[in-house]
Amino acid sequence: VWEKCLQVIKANVPEQSFKTWFEPIVPFRLAGKTLTIQVPSQFFYEWLEENYIHVLRRALDHAIGRDGQLEYSIIVDTGGDRQPPIKVHVPTTNSPEAAEARQKAASEPKKATPQPPRSPDSSELDLYLNPTYSFDNYIEGDCNRLARSAGMAVAQRPGVTSFNPLLIYGGVGLGKTHLVQAIGNHIKGHHHDKFVLYVSSEKFTNQFINAIKSNTLQDFTDFYMKVDALILDDVQFLSGKEKTQDTFFHIFNHLHQSGRQIIMTSDRRPSELQGLQDRLLSRFKWGLTADLQQPDFETRIAIIQRKLQAEGIYIEYSVIEYIAHSVNTNVRELEGVIISLMAQASLVRRDIDLDLAKVVMKNIVTAEDREVNIDTIQEIVSDYYDVSIADLKGKSRKKELVYPRQVAMYFAKELTDLSLKSIGYHFGGRDHSTVIHAIQTISDLMEQDDSVKDAVQKIRSTFS
Ligand code: ADP
Ligand code: MG
């Protein structure tokens, strides 16, 4: 019967996963319709349950029938004293809804062992790598060039480059998870013998806590020490968690010493990672640290186009431009706007045009999302005219800088409560008469020149 199960499993999981998770299983007995399998550890059992429940169900259906049941028997080895196997009965449902099966599983076997936390993504097969994230659909721009190319190098030659560990940091929604997932997928796709593992720091911590509770810390570390490429997402989560950090430190050292690749992300630069042990932080410096910045205008355009293409949707370039101007915080927000736009379009059965985009944007980018302050104004104006903020505040009298500077001052007066004097202060310490002159100039230009008027309106609409 187990042979039959294995056939199904083999056909449904990657070879590496099959080796790691199914070859070590020993069929124990078949009583009626209940198959008992022996697994090496609690951790192993949890992992199977969390990641392979669908496949196991399918295998049982095939080998025994829909009323086939599965029991795990965990070999507990307490320091030489081999105890009788603890039996964990895991009811499997006939319903294809594996979620239900997991729920039941979560509520019943408690008598034997503490339950692992069931995370929302537990239905994801294959070790948490999401194949939709690739380098192909990771748009390159100035904002991510170093991180992306370092990631590519690591993906091609894991553990071999000097980028070990590779630490990617950047604010929320800037593409950290996407990038490291792309690295993982690439390694997996090109190095079949490598065991790639993506895990969030939160999940890592939970697994660690469970391992402590169930006295299986050794299994936990053994397991992680087998990984060829470890991707740990959001390490800032480990802040203040001393015990988890201790264990990660040991795993890190072991992996690093044996030439395995370590990839991490963080929402801030390492020097700002408070609550992380110095010995860990100093290890991070052994490799490469690369940041992700907010995407610039061109990159935002490319990301929107890519997204629309993936959705099979065409919209006019002016609309794309409008969105790229309006949303300059992060990529996630950008995607959110596109999704709302598509939803709205289908709801009101209308093509996506500029008017619709404006309506949607009004609802999304509210004042509380984007507080209009002098920094935002300078950012938006510098973006719009493609000049740097430093130039906006700088001394240069070049026409192509003076004009955007005046526009920015104009908006500072219109949209903030700042006095003329403090506006001047925010533009490189200019005095209030310069600010008055700027406002006057832009007002006049708007009267005389429609293109100036249009530009001002376009910029203004991004604040609303
Ligand atoms: P983070 O982990 O930094 O919070 P994510 O990786 O989850 O950010 O990215 C948020 C969203 O933006 C995801 O849907 C991701 O696919 C997308 N994204 C981010 N950067 C890019 C990029 N350079 N090209 C295409 N999509 C991107
Ligand atoms: Mg992330």
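Things to note:
- Hey, residue 172 in contact (Cβ under 8 Å) with a residue 40 or more places away in the chain, within 16 Å of ligand 2 (Cβ to nearest atom) and part of a loop (DSSP other than H, G, I, E, B) or not: yes
- Pick from the stretch 304-329, criterion more than 16 Å from ligand 2 (Cβ to nearest atom) and among the β-branched types (Val, Ile, Thr), ranking: nearest to residue 376 (Cα to Cα): 327
- Hey, residue 220 within 16 Å of ligand 1 (Cβ to nearest atom), farther than 25 Å from residue 152 by Cβ and not small (Gly, Ala, Ser) or not: no
- From the list 192, 254, 186, the one residue that fits, being in contact (Cβ under 8 Å) with a residue 12 or more places away in the chain, within 16 Å of ligand 1 (Cβ to nearest atom) and of a type outside the set (Gly, Ala, Ser), is 186.
- Residue check, residue 337 more than 16 Å from ligand 2 (Cβ to nearest atom), surrounded by 17 or more Cβ atoms within 10 Å (Cβ to Cβ), modelled with pLDDT under 90 and assigned to a helix (DSSP H, G or I): yes
- Neighbours by Cβ (under 8 Å, 6+ apart or cross-chain): first from the stretch 12-30, part of a helix (DSSP H, G or I); second among the charged types (D, E, K, R) and at pLDDT below 85: 17/126
- So residue 379, is it within 16 Å of ligand 2 (Cβ to nearest atom) and within 26 Å of the chain's Cα centre (by Cα): no
- Under the condition of being modelled with pLDDT of 50 or more and either within 16 Å of residue 215 (Cα to Cα) or more than 38 Å from the chain's Cα centre (by Cα) (or both), the residues counted in the stretch 69-83 number 3.
- Any hit, the stretch 234-242, residues being over 16 Å from residue 169 (Cα atoms) and of a type in the set (Asp, Glu): yes
- In the stretch 32-70, the qualifying residues are those that are among the charged types (D, E, K, R) and within 14 Å of residue 22 (Cβ to Cβ), and the one that is surrounded by the most Cβ atoms within 10 Å (Cβ to Cβ) is 49.
The values are calculated or read from the model by the stated rules, or taken from the named source; none is laboratory data. What you see is a predicted model; the values in this text were computed from it and never measured. We place every Cβ from the backbone using ideal geometry, glycine too, and count neighbours over all the protein chains shown.
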